[in-house]
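Read through the structure below, which is laid out as structure tokens, and then see the notes.
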Amino acid sequence: MTTLDHLGFLTADAVKLHPQRPALAQDGLVFSYGELDERADRVAGWLAQRGVRPGDRVGLLWSNHVTYVEAFLGTMRAGAVAVPLNVRQNDETLEYVLADAGCRGILAGPQQADRADELVAHVTSCEFVAGPDELQQADRLLSRPAYSTDDVCMQPYTSGSTGRPKGVPLTHGGQLWCADVLRKIYFFDETDVALLAAPLFHKNAAMTLKAILLAGGQCVVLPGFDPVAVLRAVDRYRVTYLSGVPAMYRLLLHETEELARSDVSSVRFASAGSAPVTVDLLEQFQEVFGAPITEGYGLTEGGPDVLLTPRWGINKLGSVGIPIPGCEVQLREPDGETQVPIGEVGELWVKNPGVTPGYFGLPEVTAERIRDGWLATRDLMRRDADGYFYFMGRADDLINVGGENVYPKEVEQLLLRHPQVRDVAVVGAPHPDKGSIPVAFVVLHSPGATSGEELTTFFHSVGPHYAYPRVVEFVDELPLTGAGKLDRSKLEQQAETLAGARP
């Protein structure tokens, strides 16, 4: 086995041990590990011919497609820094990201070539656009530039929910550490087949991709999440691992006709994040797929993985798990120094090899968020006596109701105890007397099965009076962002309108 120290070559062991085994598959197109290795080398060769130097940034504009992986690995093999671009963002935002990173050019997927040409015309640092066909015309780059494990290998950008997107430099050593830990925690090996329906530019799919390729398994790529397509792919490719958010698993379980036609017995387990997994979802998934769902937590600049529920071991409902090996965590008071006692809520601080060395071009933000290698996540957590953590929401999501702190996740978990509630999200809305009030968006198992008044009465029986939702809005489904996360900004806008119309 080789000693891996460069993310661009994370497939090295698999290439050496079983080059003919499939690494990637999509719509009948399959790349073996040997083919992926050669194609990534050709991408590196093309970039070197264009004068791309170590440390240069290169944007990757790709809808979900297997050729994204060769561009991702090849960019790093050339010594450059890969900048994955969110294709769901508007052109103005993408132009900002490209200019902020100082990208030399864009490598674009088959469906993004025209858009890449438009973007390059508005970003002075960008000199080229190239797609998969052109990249594969180059000779392989067979000699790797000098590098260090502390060198930056990729620079994703945060979503920008609190302002402009921020560049997050990540290092070779840090990303390999996280991929290796995830591989070991989940016991991934060459027999695993992971389904990637979430965007490859997002950390959730990206970390699964890295861990599976490091383990020598296979990744099946879908252009997006479609429940019928997912179930058919599970059957066709004998998928063993799924990742997503609870809402995605609920959609799969609703496809009863397709489930009757598809063999999903190959699934060994699934992981979920970004929202709580309810008892009924766990039970239904176990019954239909014969597999458990584990929960976890991470963030782009924090590892990315930080907390995970062990694949085998204690699985506490509502908990996002325990710290992964090599990751230190603390819960601190708002002063950023004092640690909170067990059972109380505090801001999560994280320290591990995968934490970003600093936000790109933002020394003031870096100084505010990173201290002595510890990252302030801005996420609120509670820890129990067994060391399991419970996500309570973003610090910015905290609802101050007449001087009382209300944590959205706590309200959601209490409402989920009601037998008719299938899913729920709670956000704050401005209020002239209280400052702000909780507004609950509720998905029921059956429309009309209960009322807002009944849910309010139920909440008073299980939760604190000051935290009850002043407005309950029933919806068919909760809105998700392009990355599959709950779209809180959309709900906050709706909540403000609903609260304003409340007598």
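Throughout, read-outs are computed from the coordinates displayed, never taken from laboratory work. Everything numeric here is computed off the predicted structure, so don't read it as measured data. Counting neighbours? That spans all protein chains shown, and the Cβs are built from the backbone with ideal geometry, glycine included.
For residue 312 and residue 445, FRET efficiency with R0 = 30 Å and r from the beta-carbon atoms, rounded to 0.05? Show your work: numbers first, answer last.
Details: r = 31 Å, r/R0 = 1.02.
Step by step, r from the Cβ atoms, then E = 0.45.
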Query raised in the report: Just how far, in whole angstrom, is region 324-372 from region 159-202 if you go by their alpha carbon centroids?
Result: 19 Å
Query - Highest average packing first - 59-71, 230-242, Cβ atoms within 10 Å - result: 59-71, 230-242
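Given 0.36 nm per residue, what is the gain on full extension from residue 493 to residue 332 after removing their alpha carbon distance, in nm?
On the way: separation 161, 0.36 × 161 = 57.96 nm, distance 3.03 nm.
So the extension gain works out to 54.9 nm.
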Query raised in the report: Taking R0 as 35 Å, what's the FRET efficiency between residue 280 and residue 342 from their Cβ-Cβ distance, rounded to 0.05?
Result: 0.75
Query - Lys, Arg +1 and Asp, Glu -1 on Cβ, resulting dipole of the chain about Cα centre, debye, nearest 20 - result: 640 debye
**Report entry** the chain, relative contact order in percent, only Cα pairs under 8 angstrom and at least six apart counted
**Finding:** 10 percent
Report summary line: Per the rule of 0.36 nm per residue minus the C-alpha distance, extending residue 91 to residue 146 adds in nm 16.3 nm
Report summary line: Scalar couplings 3J(HN,Hα) for region 321-330 by Karplus 6.51 cos²θ - 1.76 cosθ + 1.60 (θ = phi - 60°), nearest whole Hz, x for Gly and Pro, are x, 10, x, 6, x, x, 10, 9, 9, 9
Query raised in the report: For the chain, what proportion of DSSP beta bridges, expressed in % and rounded to the nearest 5, is antiparallel?
Result: 60 percent
Query raised in the report: So how far, in whole Å, is the C-alpha centre of region 52-96 from the one of region 1-49?
Result: 17 Å
Report task. As a check on your grasp of the helix formula, calculate [θ] at 222 nm for the chain: sum -39500 (n - 2.57) over DSSP H runs of n ≥ 4, divide by the residue count, round to the nearest 500. Result -> -9500 deg cm²/dmol
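Full extension from residue 456 to residue 476: what is 0.36 nm times the residue separation minus their Cα-Cα distance, to one decimal in nm? Mind dumping the intermediate values first?
Working: separation 20, 0.36 × 20 = 7.20 nm, distance 1.94 nm.
Extra length available between residue 456 and residue 476 comes to 5.3 nm.
By average Cβ neighbour count within 10 Å, what is the ranking of 20-28, 346-354, 315-323 from highest down? Before the final figure, lay out each step's value.
On the way: 20-28: 16.3, 346-354: 22.4, 315-323: 19.7.
Order by mean packing, descending: 346-354, 315-323, 20-28.
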Query raised in the report: Got a sec? Charge dipole of the chain, +1 on Cβ for Lys and Arg, -1 for Asp and Glu; which of 231, 499, 31 is way out at the positive end?
Result: 31
Query raised in the report: Which whole number in µm²/s is D for region 1-118 by Stokes-Einstein, with the Kirkwood Rh taken over Cα pairs at 10 °C and 1.306 mPa s?
Result: 106 µm²/s
Report task. Quick one: Debye curve from the alpha-carbon atoms of region 323-394 only, equal weights, vacuum; give me log10 I(q)/I(0) at q = 0.23 Å⁻¹ to two decimals. Result -> -1.05
Report summary line: Given Cβ charges of +1 for Lys and Arg and -1 for Asp and Glu, the option among 329, 362, 346 whose Cα lies farthest towards the positive end of the dipole of region 323-394 is 362
Report summary line: With label points set 7 Å from each Cα along the Cα-to-Cβ direction at residue 287 and residue 417, the distance between them in nm comes to 2.3 nm
